[in-house]
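Some notes on the structure that comes next.
The values are calculated or read from the model by the stated rules, or taken from the named source; none is laboratory data. Bear in mind the structure is a predicted one, so any value in this text is a computation, not a measurement. Ideal geometry is used to build each Cβ from the backbone, glycine not excepted, and the neighbour counts take in all protein chains shown.
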Amino acid sequence: MGFLSSTVGRKILMAITGFLLLTFLCIHLLGNSFIYLGWINAYGERLHSMPPVVWAARIGMVILLAVHIFFGIKLTLENNAARPQAYAVKKNVRATFAGRTMIWTGLLIAAFLIYHLLHFTLRMTNPEISSGIDAMGRLDVFKMIVLSFKNILISGAYIAALIAVGLHIFHGIQSVVQTIGLNSDKTLPCVESTGRGIAFILFLGYASIPLVIIFGLLNFKG
C-alpha cells in the first residue's frame, strides 16, 4: 500500500481509473450509436444474452468509479488542507472553470449515473415505457429511448450531465499529463486541444440522441 500512501501514487491511480472509465464511455457511445442504424434492439438482446459478461463489466465499472471518486475526494481535501503543492510543473497549470469545479462535476456525474442505471438498466424510474416488446419479441429499447427523451426534463437532465462529463474529461486529460510530468509551455496547447476535442466529440455523440429525438428527427412507428 506504499504506492497509495504517496500523493503521486494516488494521482497515478486516479489517472488509470479515469482512463479506463473514458474507454468505457467511448465503447458505450459506439453501442448507443446503433440506434441510428436501427440495430439498438438487436444490440440490447445480444448484451442480455451474456449476463455473466454484462454483470462482470457493470461490477468492474462500479469498482473503478468508486475508487476514482474516493481518491478524487481524498486528493481534493488534501490539496485544500495543504495549500496544494499539486503538480511538479504547476507553473504551467492554468486555472480553468473545469479545474476549479472538478470535484463538483465528478459528484454530479456520480449522482447522474445512479439515475441512469435506475432509468435504462433497472428500468425503475419510468416502468410505463420500459417494458415494451418489439415485433421480434425483443425488449423495445428503441421505443424506450425515444419515449424517454421526448420528455424535456429527462433530456435536459442528460444534457446537463453530459456538460459535466465534458468539463471533467477536459481537465482530467490535462491532469494526467501534469501528473506524469510531461506538461510544458510547448505541450500545453496540444494537451488542451486534445482534451477539448475528446470532450466535445463525446458530448456531441451522446447529446445528439436526445436532441434528434426532441426535434422529431428520430421516432418510432405506432
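So the values come out like this:
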item	result
Unmet criterion (only one of (1) modelled with pLDDT under 85; (2) surrounded by 15 or more Cβ atoms within 10 Å (Cβ to Cβ); (3) touching a Leu at 6+ places or on another chain (Cβ under 8 Å)) for Gly172	(1)
Identity of the residue in segment 122-146, without any contact (Cβ under 8 Å) to a residue 60 or more places away in the chain and assigned to a helix (DSSP H, G or I), that ends up surrounded by the fewest Cβ atoms within 10 Å (Cβ to Cβ)	Glu128
Residue count for segment 79-121, restricted to those that are at pLDDT 60 or above and assigned to a loop (DSSP other than H, G, I, E, B)	3
Top-ranked residue of segment 179-222 - restricted to ones that are among the charged types (D, E, K, R) and part of a helix (DSSP H, G or I), ranked as nearest to Leu30 (Cα to Cα)	Arg196
Qualifying position, being part of a helix (DSSP H, G or I) and under 13 Å from the mean Cα position of the chain (by Cα), among Leu4, Leu47, Leu22, Leu13	Leu22
Cross-chain or 6+ apart pairs with Cβ under 9 Å, segment 188-209 first and within 9 Å of Ile173 (Cα to Cα), then outside any helix (DSSP H, G or I)	Val191/Leu182; Val191/Asn183; Glu192/Arg94; Glu192/Thr96
Residue identified as within 22 Å of Leu29 (Cα to Cα) and more than 16 Å from the chain's Cα centre (by Cα) among Val141, Val176	Val141
